[in-house]
Amino acid sequence: SRSGADRTPPDQGGRVPDPMPSALLDILTPATIRVPLKATTRQDAIYELVDMLAAQGDIGDAAVLRDSVWERERQRSTGIGEGLAIPHGKCPGARAVRLAIGRPSQPIEWDAIDRRPVRLVCLLVSPPDRIAEHIQTLGRISRVMSNAAFRAQCYEAASAERMYELFTAVERGA
């Protein structure tokens with residue numbers, strides 16, 4: 001149990017906000033990782049990852065989230081370079097911030113900033129009222145993935161279990 005000294009203070013509305021997750025492992029499970037993705041296009045990859053989250057009961061209406069994330073993707077590619085895409089969106093039906101990861105069997109054209117195809121897709125989904133956590137988590141994903149050796153291991157992961165092991169090791173500082 002937490003002592004009163006380390007409790008999150010109430011916000012101005014008197015609500016106690018949910019604590020920020022300490023690590024990506026708080027929002028990622030082996031069941032929300034797919035290796036390989038069946039998708040061969042960026043739209044299909046996004047839809048496949050959204051449907052995987054929906055199957056876990058993490059979001060309400062998958063169709064609403066698919067449309068939201070895809071519309072954002074159409075406005076501006078989330079292919080950030082080095083073979084990585086981080087599509088993301090806020091969804092009223094999301095129960096919490098959640099992460100789904102997919103590694104396609106073949107790189108997917110993504111209109112990335114470096115024009116290179118994407119080898120790993122990290123879909124971040126948040127409830128609309130969790131903006132700070134959403135932004136913090138996007139930053140955490142970017143920092144973890146900025147390590148070239150870690151990225152290379154992810155691109156070669158042969159299974160969801162192996163991908164989860166990689167994220168577990170990096171989050172625990174191993």
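The values are calculated or read from the model by the stated rules, or taken from the named source; none is laboratory data. Computed from a predicted model, the values in this text were never measured in an experiment. Cβ placement follows ideal geometry from the backbone for every residue including glycine, while neighbour counts extend to all protein chains displayed. Note: accessible area is taken over every heavy atom of the protein model, side chains too, but ligands, DNA and RNA are not part of it. Shrake-Rupley method; radii C 1.70, N 1.55, O 1.52, S 1.80 Å.
Here the Karplus relation 6.51 cos²θ - 1.76 cosθ + 1.60, evaluated at θ = phi - 60°, turns the backbone of the range 66-75 into coupling constants of 3, 4, 5, 5, 5, 4, 4, 5, 5, 6 Hz, with x for every Gly and Pro. Please label the shape of the range 68-174 as rounded, prolate or oblate, based on the square roots a ≥ b ≥ c of the eigenvalues of the alpha-carbon gyration tensor (a/c under 1.5 means rounded; beyond that, a/b larger than b/c means prolate, else oblate). It comes out oblate by the Cα gyration axes.
Note on the range 106-151: Cα Rg divided by 2.2 N^0.38 Å, N the number of residues, gives 1.36.
For the range 31-43, backbone phi angles converted through the Karplus equation (6.51, -1.76, 1.60; θ = phi - 60°) give residue-by-residue couplings of 6, 10, 10, 10, 9, x, 5, 7, 4, 10, 10, 5, 5 Hz, Gly and Pro being listed as x. Once backbone amide H atoms are built at 1.01 Å from N, Arg34 has Ile101, Gly102, Arg103 as its partners under 5 Å, excluding neighbours fewer than 5 places away on the same chain. Computed extension gain for Thr41 through Ala23, at 0.36 nm per residue and net of the alpha carbon distance, reaches 3.5 nm.
Taking the 1.4 Å solvent-accessible surface of the range 47-174 as the whole, the part contributed by carbon and sulfur is 48%. Using Cβ point charges alone (K and R +1, D and E -1), the dipole size of the chain about the Cα centre works out to roughly 220 debye.
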